[in-house]
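The values are calculated or read from the model by the stated rules, or taken from the named source; none is laboratory data. Quantities reported herein were computed from a predicted structural model and do not represent experimental measurements. In this analysis, Cβ positions are derived from the backbone assuming ideal geometry, glycine residues included, and neighbour counts consider all displayed protein chains. Please note that ligands, DNA and RNA were not included when accessible areas were found on the heavy atoms of the full protein model with its side chains. Shrake-Rupley method; radii C 1.70, N 1.55, O 1.52, S 1.80 Å.
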Amino acid sequence: MRVIARLDVKNGHVIKGIHLEGLRKVGDPTDLAQKYYLEDIDEIFFMDAVASLYDRNGLFDIISKSCERVFVPITVGGGIRSLDDVEQALAAGADKVAVNSAAVRNLGLISEIAKRYGSQCIVGSIDAMRRDGAWEAYIDNGREPTDLNVVDWVKRLEDSGAGEIMLTSVDFEGTFRGYDLDLVFAVQDATSCPVVISGGFGKIEHLNKIFGLSQPSGLVIAGALHYNKVSIACIKDAVLNNLV
Amino acid sequence: MKLGVIDYGVGNLRSLYNALIPLGVEAIVSSNIDRLLDCDKLILPGVGAFSYVKKRFDEAGLDELTTEVIVRDIPCLGICVGMQLLFESSNEFETTCGLGLLSGKVVRLDELDGREDRDCKVRIPNVSWLKVNFTTAQLKDGLDLFSNISPDAKFYFVHSYAVSHASKDTDAHSTYAGIKFCASASRDKLFGVQFHPEKSGKNGLHLLNNFAKMGKKNEK
């Protein structure tokens, strides 16, 4: 199980909020990426927190600077809308792109990316919110509902060629109360893609219930790392000691 | 010592190049056959579908390079799909011939023989950090690519297809979802690794350094 650091970036700063809102600055993106790399992180996920809303791609300079010193996989998300955006992200040094809003607006983009760059390059990103005993997919960084049922949507992303799913619980995001396990299990059952889970991690005990048969492929962690609640070494130790 | 990274339009060459810089290696990224043959060692990267990668390889006229590499005995390291190209064929999307320099066929991970648990759900692609099972006996016997790397070291894999661990050119295997596959292979001066050393942190950099320094003691 990979341990992935998530850096939400706005105006050149790493920021953190609750339910993807109420943002607070926590550091410099290249410094934090380098710090987590030296602490043995498995992967870095850069998320442009506002790109989708304001139509811009501000993250590529940060990525290319980070890539000179960070030698683990880098995923970039937020505002990826076209093959050109993907090309730029990869040229900057990203290994994968995560697409959410643009996929909802045009699912064909996922298959175009998969065809040109391979499925391993395209992460289907889902922001899920609980609604009437199920989950609805949200876009534009958790602001816009889509009427899409998350469990159906994940299958369509997989069928279109997504090689990985990043699942964020908007309800649990920033709360440090643990992952939304019902959501995690429902989505894992629905897809054969590797699933990385995001939103809610606060302490090691939160991992106990996911060390089952069908573990996620990765844990995406933001606030707990930024606020030094848990060290990467501790998390990796827990993962190592609980997995066969 | 000059290292050439073969550029034929597939793969994240910048990451690979960035990873060679801290090693103090003189490296070039090129598609020019003469410039590449002027290097002491070559790296063959590759990302994406095998058939597409092979097509680009052929279009770039690299079969000529391959012949020269073999004739001149230039050490070459294939990475991920670049490694797979060295084998006989792949059935990704359609059956495509490889370079046939190593023996074995590339097949989907869940089609490999020797799966231990057939009921276990195999999530594909395999995107994970895995141990590579080499032995100290192999290290003593000259598996220099892994020299001074701990047997507990993990490397970053991202792939849906692989070669059987039973291929006679396999040096070390890894296991994903109970499936054993070839993680590292070699014959003479040709090497291949299924994982991405340029994305595998300090152990990956160490392996690239081992490749760059390999055979140095025999040089004048």
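Brief remarks follow.
- Any hit, the range A:37-58, residues being of a type in the set (S, T, N, Q), touching a residue at least 24 places away in the same chain (Cβ under 8 Å) and over 24 Å from A:E158 (Cα atoms): yes
- Within the range B:206-220, being away from chain A (no Cβ under 14 Å), surrounded by fewer than 21 Cβ atoms within 10 Å (Cβ to Cβ) and not aliphatic (A, V, I, L, M) holds for B:N210, B:K213, B:G215, B:K216, B:K217, B:N218, B:E219, B:K220.
- Filtered residues of the range A:138-170 (kept if open to solvent by less than 10 Å² (accessible area, probe 1.4 Å), under 19 Å from A:I18 (Cα atoms) and away from every other protein chain (no Cβ under 13 Å)): A:L167, A:T168, A:S169, A:V170
- Filtered residues of the range A:1-37 (kept if at pLDDT 95 or above, aliphatic (A, V, I, L, M) and in contact with a Lys or Arg (Cβ under 7 Å, 6 or more places away or on another chain)): A:V3
- When residues of the range B:9-43 are limited to those that are touching a residue at least 40 places away in the same chain (Cβ under 8 Å) and in a strand (DSSP E or B), the one farthest from the other protein chains (Cβ to nearest Cβ): B:K41
- The test for being open to solvent by less than 50 Å² (accessible area, probe 1.4 Å) and out of contact with any strand residue (DSSP E or B) (no Cβ under 7 Å at 6 or more places or on another chain) holds for A:H206.
- Condition check for A:V26: open to solvent by 20 Å² or more (accessible area, probe 1.4 Å), touching a helix residue (DSSP H, G or I) at 6+ places or on another chain (Cβ under 7 Å), more than 14 Å from chain B (Cβ to nearest Cβ) and within 21 Å of A:N228 (Cα to Cα): yes
- Checking the range A:171-193 against the condition returns a match, with at least one residue being more than 25 Å from A:L32 (Cβ to Cβ), open to solvent by 10 Å² or more (accessible area, probe 1.4 Å) and among the polar types (S, T, N, Q).
- Once the range B:161-205 is narrowed to residues that are of a type in the set (S, T, Y) and more than 24 Å from B:A19 (Cα to Cα), the residue that is surrounded by the fewest Cβ atoms within 10 Å (Cβ to Cβ) is B:T175.
- The range A:209-242 - residue that is open to solvent by 50 Å² or more (accessible area, probe 1.4 Å) and in contact (Cβ under 8 Å) with a residue 60 or more places away in the chain and, of those, farthest from B:L130 (Cα to Cα): A:Y227
- Contact annotation: residue pairs with Cβ atoms under 7 Å, 6 or more positions apart or on different chains, pairing a residue in the range B:135-160 that is away from chain A (no Cβ under 14 Å) with a partner that is in a loop (DSSP other than H, G, I, E, B), are B:L139/B:S147; B:L143/B:F134; B:D144/B:M214; B:F146/B:F134; B:P151/B:F134.
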